[in-house]
Amino acid sequence: MSASLNWEKKEDVLYFQGTLDRETLLSVWQQRKALLADINIIDISALGHIDSTGLALFVHLKAEMEEQNRQFIIQGVSERFQTLITLYDLDEIMNIA
């Protein structure tokens, strides 16, 4: 059974659910401009798994949003994902709520 990734936009929050890894990343990458329109917060509390490609996606999205002088906050970060952020020494650049 393959992993799946779902998302939903409510007001200025983008909610992810499922698995964010190299197999599910492409659909988000292709739609990232539309997904980020009017978004300030990304909630990942319903993600069961995020790998380093998911982390790379968030680093890239943060850069894109900052180029537009927009706020970027990730909320609902799991302990495992926080460990990945720390291992890649990204604590200071990622906006974690």
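Every read-out reported here was derived from the displayed coordinates using simple, explicitly stated rules and does not represent laboratory data. In this text the structure is predicted, and so the values were computed from the model without any measurement. Cβ sites come from the backbone with ideal geometry, for glycine too, and all protein chains shown count toward neighbours.
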Practice task
Considering Cα pairs under 8 angstrom that are at least six residues apart, work out the relative contact order of the chain and quote it in whole percent.
Solution key: 26
Practice task
Apply the Karplus parameterisation 6.51 cos²θ - 1.76 cosθ + 1.60, with θ equal to phi minus 60°, to every residue of the range 52-61 and state each ³J(HN,Hα) to the nearest whole Hz, in sequence, with x for glycine and proline.
Solution key: 5, 5, x, 4, 4, 4, 5, 4, 5, 4
Completion exercise
Those trypsin sites (Lys or Arg not before Pro) from the chain that are DSSP loop and have at most 11 other Cβ neighbours within 10 Å turn out to be none
Handout entry: From phi via Karplus (6.51, -1.76, 1.60), per-residue ³J(HN,Hα) for the range 38-45 in Hz, x at Gly/Pro
Key = 6, 9, 10, 10, 10, 9, 10, 5
